[in-house]
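Notes follow the structure.
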Amino acid sequence: MVEAKNLFMKYGKGKQLALDNVNFFIDRGEFIFFVGSSGAGKSTLLKLIIRELKPTEGVLKVFNRDVGRLPRHRLPYLRRNIGMVFQDFRLMEERTVYDNVAFAMIVTGASRREIKRRVPHVLNLVGLQDKAKARITDLSGGEQQRVGLARAIANRPAMIIADEPTGNLDPGTALDIMNLLRSINLRGTTVLVATHNREIVDRFKKRVLYLENGKLVGDEQKGIYSNVH
Amino acid sequence: MFISGFIYILGETLKGLYRNRWMCITSTGVVMVTLLMLGLFMVVNLNVRHITETVKEQVEMVVYIDEETDRATIEELGQKILGHREVDRVEYVSSEEHMGRLQQQLGGMLEGYDSALDNPLLASFEVRTEDPEAVVRLADEFETYPGVSAVFYGQGYVENLFEVTRVIQVIGLALMAGLAITAVFLISHTIKLTVMMRKREITIMKYVGATNWFIRWPFLLEGLMMGLVGAALPLGILYYLYATSVEWVTANELMFINLLPLQAVMAELVAYLIPLGTGLGILGSMLSMGRFLRV
């Protein structure tokens, strides 16, 4: 589903190497943690997967397509198959929970009937069925991230990418969010999580890819954070 | 695109206009002033053109024939002038006919004068050209033809008329171009503000897979609406002003001011100002969006 071959990413005029010859293969339905300290290259990798950035060298295949060579007009269709979850939630704060989730479907051209049917369903999945009409600003951090999750799964993507999804949350709430991601994964969606959260990684015992200074320094099934750090 | 998308785009357009209402009013105002001035200029220009065309149509050249010229040469000369590709029509006026016209013009003043015995007037060809502006050039050419004594076309007066029309047109075009650029600049500035206010939303849209066109539409419509309103109001004002002018001219019996009819002028104004207003609006919004879409 995601395959990196001799992947390099340089920022600026090649002075700063963000990814240094990274190779890996992620299969459909996997749950992956990308771990490493700040600047290790986790976020860069996620940005390459959604083609927010283009690799400097090497091949990155997502859904069997080399995203580096994907023409600009095809990007929306790649991204419709990937649900994004962010540390800072990136929600439209002046709108309601329902609107934020429906928005993701509207932009992809979903019909009104489909939106009316699907939004309550995903809100139910993340436990926000009673908050549909609430404004984002009236929600707690954990609830906001649930909205982010609901939005990410609204279009039934084949893959979820979460960049530090628990970074702004207290430990209890963080665990709730991770449990939600796990249940989404159990329904067949591939989940990629970039995180600093040692406790979560150790607790979930999923495949862990360790990044350090742009290099992939470890790849373990049922890995734990402390194996490298 | 489904109705949900259309409703969303329309909603966003109206919200954008409302949120930035003061800037929108300013930009629309500038478009209005631009198009109003442009419209006023067009009205003046159309009428000046109409009047000058009428005058130009009356521009005629008279080719006087040498007294000594024999009939065959005259006929040949007539054929030669008529055969010229820029000549529309030619009429031969004999010296007797000239005298007749003169006598008619002067009324009884030439009574008793025997023109058959002593007629100083030369026979001539009255020439009408396809393009009135060609008379100056053609006059020079015809003067070299055998049998031609002199060519008259209102020298001096005609050149001035053509020069004035050209200057009016050049100044007008420069003025219009300047105003149009100002309008595009202001619209693009206003829309840039909306785009910046909604930068976060645009980024989210890109992440969830919105196409660039889906993101562009509300901004394009915003620009289009500003342009459309900016064109519609001047049209109303111009309609009122022109109708009043036509009425005034008719009421005061100033029939020598040969104004174009109201419908003809309005048709021309609508045909130019509406596409121009919407065009300016769309151009303004296109210019403001480019770099914000590269996420």
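Read-outs throughout are calculated quantities, based only on the coordinates presented, and are distinct from any laboratory measurement. Just so it is clear, the structure is predicted and the values come from calculations on it, not from any experiment. Quick reminder, even Gly has a Cβ in these numbers, built from the backbone with ideal geometry, and neighbours come from all protein chains shown.
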Could you run the Karplus curve 6.51 cos²θ - 1.76 cosθ + 1.60 with θ = phi - 60° over the range A:158-175 and give me ³J(HN,Hα) per residue in whole Hz, x for Gly and Pro? 7, 9, 10, 10, 10, 9, 6, x, 10, x, 9, 10, 6, x, x, 5, 4, 5
Those trypsin sites (Lys or Arg not before Pro) in the range A:106-169 that DSSP places in a loop and that have at most 14 other beta carbons within 10 Å: A:Lys133
Near the amide H of A:Met84, under 5 Å away, which other amide H atoms are found, from residues 5 or more places off or on another chain, if H is placed in the peptide plane? A:Ile161
Tally Lys and Arg at +1 and Asp and Glu at -1 over the other residues with C-beta under 13 Å from the C-beta of A:Met9: what net charge comes out? +4
Connecting every pair of Cα atoms under 10 Å apart in chain A and solving the GNM, the largest mean-square fluctuation among A:Val193, A:Val85, A:Val107 falls on A:Val107
I'd like the orientation of helix B:21-57 relative to chain B: the angle between its Cα long axis and the longest Cα principal axis, in ° from 0 to 90, rounded to 10. 10
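Could you tell me the calculated FRET efficiency between A:Asp138 and A:Glu3, based on Cβ-Cβ distance and R0 = 51 angstrom, to the nearest 0.05? If you can, show how the numbers build up before the last one.
Working: r = 43 Å, r/R0 = 0.83.
Between A:Asp138 and A:Glu3 the formula returns 0.75.
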Using the Kirkwood formula on alpha carbons, the hydrodynamic radius of chain B in angstrom works out to 24.4
Counting Lys and Arg as +1 and Asp and Glu as -1 over every other residue whose Cβ sits under 13 Å from the Cβ of B:Ile3, the net charge comes to +2
Summed over the other residues with a beta carbon less than 9 angstrom from that of A:Gly142, with K and R at +1 and D and E at -1, the charge totals -2
Average partner coverage of A:107-117, which counts Cβ from other chains inside 10 Å: 4
Residues A:Ser37, B:Ser27, sorted so that the one with the fewest Cβ neighbours within 10 Å comes first: A:Ser37, B:Ser27
How high is the relative contact order of chain A, in percent, counting Cα pairs under 8 Å that sit 6 or more residues apart? 28
Residues whose modelled amide H sits under 5 Å from the amide H of A:Phe34, counting only those 5 or more places away in sequence or on another chain, are A:Val193, A:Ala194, A:Thr195, A:Leu209
For Cα pairs less than 8 Å apart in space and 6+ apart in sequence, what is the mean separation divided by the residue count of chain B, i.e. the relative contact order in percent? 31
In order over the range B:162-179: 3J(HN,Hα) from phi, Karplus 6.51/-1.76/1.60, θ = phi - 60°, whole Hz, x for each Gly or Pro, gives 5, 5, 4, 4, 5, 4, 4, 5, 5, 4, x, 5, 5, 4, 5, 4, x, 5
Can you list residues whose amide H is under 5 Å from A:Gly58's amide H, if they're 5+ apart or on another chain and H is modeled 1.01 Å from N? A:Phe8
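Of the listed pairs A:Lys54/B:Lys206; A:Lys15/A:Lys206; A:Lys15/A:Lys215; A:Lys10/A:Lys206; A:Lys61/B:Lys206, which have alpha-carbon separations greater than 25 Å here?
Beyond 25 Å: A:Lys15/A:Lys206; A:Lys10/A:Lys206.
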If I take every Cα pair under 8 Å that is 6 or more residues apart in the range B:60-153, average their sequence separation and divide by the length, what percent do I get for the relative contact order? 51
